[in-house]
Structures are given as structure tokens and as C-alpha cells.
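To start, the structure itself, in C-alpha cells.
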Amino acid sequence: MALRFKLVFFSPRISTAGILESLFTDFPHELGKIGNYEQCAFSTPGVGQFKPNKDARPALGSTGQLEHVEEDRVEIIINSDGEREKVKEIITALKSVHPYEEVAYDVYRLEIF
């Protein structure tokens, strides 16, 4: 049975296009396919904030300092054909191309009607 998920992640606006290009290249059959359309994604701009502690290695900002960054909230459909392991592979790939040390993401299981 086909399973569908929605991957939501946050990235600095300057990195979003490169992250999407990498993910769509590595997972052309699983990511962003809706009917006869490919590489579908939705991005919403916003401002993220974080304060790295003394053990952090921030890509942006400095430890102990509150940082505000223009970010995108990105939403992508994952079509996994019943393979939950494929979702884990996609998350691993996201983490490998994302500039942040800690990637903020959510995965939602979707119902098919």
C-alpha cells in the first residue's frame, strides 16, 4: 500500500533552492510528485530565531548570542510506496545538504482519499 507523508523543514532563505535541487535529484520518484507534476514544493518566508549554547557549532551567528535569520518553511510530499525506510533516507539526505548543525523538520503521515 502506498504511503504518503509531508516533509516540512526550515532553511535559511539563501539555501532553500540548493537543498530542494539536491533532494529532487536524489529522490526523483519519491519527492514532490503530485499527479502529473514533479518537483512540487511550497515555501513560506519567515524569521527564525535560535541561541547557540557553548557546545554548538553554529553555521550562522555566535554561541551565546540570540540570532534572527530570514528562513523558508518548505513543504514537500513524500510518496514512499509503503517504505518507511525511504523517509529516513530522505531525512538523512536533508541533513547532509542543510547548512545548519541541527535541522528543524517535521514529518506528517497523510491520508489518501
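The values are calculated or read from the model by the stated rules, or taken from the named source; none is laboratory data. These numbers come from a predicted model, not from an experiment. We place every Cβ from the backbone using ideal geometry, glycine too, and count neighbours over all the protein chains shown. Calculation scope for accessible area: heavy atoms of the full protein, side chains included, ligands and nucleic acids excluded. Shrake-Rupley method; radii C 1.70, N 1.55, O 1.52, S 1.80 Å.
Condition check ((1) of a type in the set (D, E, K, R); (2) at pLDDT below 95) across all residues:
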position	(1), (2)
Pro28	no, yes
Gly35	no, yes
Cys40	no, no
Ala56	no, yes
Leu60	no, yes
Glu70	yes, no
Glu101	yes, yes
Val107	no, no
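Here's the yes/no breakdown for (1) part of a helix (DSSP H, G or I); (2) out of contact with any helix residue (DSSP H, G or I) (no Cβ under 6 Å at 6 or more places or on another chain); (3) more than 11 Å from Val74 (Cβ to Cβ):
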site	(1), (2), (3)
Ala2	no, yes, yes
Phe10	no, yes, no
Thr16	yes, yes, no
Ser22	yes, no, yes
Thr25	yes, yes, yes
His29	no, yes, yes
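As an exercise: evaluate Ser80 against (1) at pLDDT 90 or above; (2) at negative phi and give the number of the one condition it does not meet. Tallying (1) at pLDDT 90 or above; (2) at negative phi, Ser80 fails exactly one: (1).
Counting only residues that are over 22 Å from Glu101 (Cα atoms), among the aliphatic types (A, V, I, L, M), without any contact (Cβ under 8 Å) to a residue 60 or more places away in the chain and open to solvent by less than 30 Å² (accessible area, probe 1.4 Å), region 1-40 holds 1 of them.
Which is of a type in the set (A, V, I, L, M, F, W, C) and closer than 25 Å to Phe113 by Cβ, of Phe42, Phe50?
Phe42
Taking region 64-88 as the range and being without any contact (Cβ under 8 Å) to a residue 24 or more places away in the chain, surrounded by 11 or more Cβ atoms within 10 Å (Cβ to Cβ) and part of a helix (DSSP H, G or I) as the test, only Lys88 passes. Considered as a group, the residues in region 49-58 that are of a type outside the set (A, V, I, L, M, F, W, C) and outside any strand (DSSP E or B) include one that is least open to solvent (accessible area, probe 1.4 Å), and that residue is Pro52.
Taken together, Gly46, Gly61 contain a single residue that is part of a loop (DSSP other than H, G, I, E, B) and open to solvent by less than 60 Å² (accessible area, probe 1.4 Å), which is Gly61.
Residue-by-condition table, conditions (1) touching a Lys or Arg at 6+ places or on another chain (Cβ under 7 Å); (2) of a type in the set (A, V, I, L, M, F, W, C):
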position: Phe5; (1), (2): yes, yes
position: Ser11; (1), (2): no, no
position: Ser22; (1), (2): no, no
position: Phe27; (1), (2): no, yes
position: Gly32; (1), (2): no, no
position: Gly35; (1), (2): no, no
position: Gln39; (1), (2): no, no
position: Thr44; (1), (2): yes, no
position: Gly48; (1), (2): no, no
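Residue-wise test of (1) in contact with a His (Cβ under 9 Å, 6 or more places away or on another chain); (2) farther than 20 Å from Arg4 by Cβ; (3) polar (S, T, N, Q).
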| site | (1), (2), (3) |
| --- | --- |
| Cys40 | no, no, no |
| Ser43 | no, no, yes |
| Arg57 | no, yes, no |
| Glu89 | no, no, no |
| Val103 | no, yes, no |
| Leu110 | no, no, no |
